[in-house]
Amino acid sequence: MSRLTITVHRTGTGPVLEITGDLDHATAPELRQAVDRLTLANGHLLVLDLTGLQFVDSSGITALLAARNLATEQGGDVALAAVPADTARILRIVGLDRVFTLYPDASTATDGPTA
């Protein structure tokens, strides 16, 4: 089991959260708390950079959905960047690849127009 680390970076298009480690039942509340502390401007994009994600379970997927819900409530959107192959497979199986916008990396996600 790998400890969860969340690092927040601000960009012109919105915040980027780098998520490293295991996102599971024990650590999903940490992601929810980090997202709850954010304020998105209307039209901003919340990017969840999963480059360092090592494991995700159903609680972790639920936390990703909660981040999406918060972003849309604040007039923004959410995108997942650098989704590991195992996680991408899970997202495809449950149809969430059609709910989340997926990018190969965080810089590609943040290259869009500024709100």
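Brief remarks follow.
- Relative contact order, percent, segment 41-97 [alpha-carbon distance under 8 Å, six or more residues apart]: 50 percent
- Within a Gaussian network of the chain (alpha carbon springs, distance under 10 Å), most fluctuating of 73, 18, 30: 73
- Legend: ranking of residues 91, 102, 50 from fewest to most surrounding C-beta atoms inside 10 Å; resulting order 102, 91, 50.
- Rounded, prolate or oblate (a/c below 1.5 giving rounded, otherwise prolate when a/b exceeds b/c) for segment 67-107 by Cα gyration tensor: oblate
- Of the trypsin sites (Lys or Arg not before Pro) found in segment 1-47, the ones in coil according to DSSP and having at most 16 other Cβ atoms within 10 Å of their Cβ are 3, 37.
- Considering only segment 5-103, percent of DSSP beta bridges that pair antiparallel, nearest 5: 30 percent
- From least to most packed, judged by other beta carbons within 10 angstrom and beginning with the fewest, 86, 57 follow the order 86, 57.
- Residue order, fewest to most surrounding Cβ atoms within 10 angstrom, among 61, 19: 61, 19
- The chain: angle of helix 58-73 to the longest principal axis, Cα-based, in degrees nearest 10: 10 degrees
- Computed from the Cα positions only, the extents of the chain along the three principal axes stand at 37, 26, 22 Å, in decreasing order.
- For the chain: relative contact order, % (alpha-carbon pairs under 8 angstrom, 6 or more apart): 28 percent
- For the chain, the 222 nm mean residue ellipticity estimated from helices alone, with every DSSP H stretch of n ≥ 4 adding -39500 (n - 2.57) and the total spread over all residues, rounds to -10000 deg cm²/dmol.
- GNM top mover of 41, 82, 67 - the chain, alpha-carbon springs below 10 Å: 41
A short reminder: the numbers here are calculations on the coordinates, not readings from a lab. All figures in this text were calculated on a predicted structure; none of them were measured in a lab. All Cβ positions, even for glycine, are placed from backbone atoms using ideal geometry, and neighbour counts span all protein chains on display.
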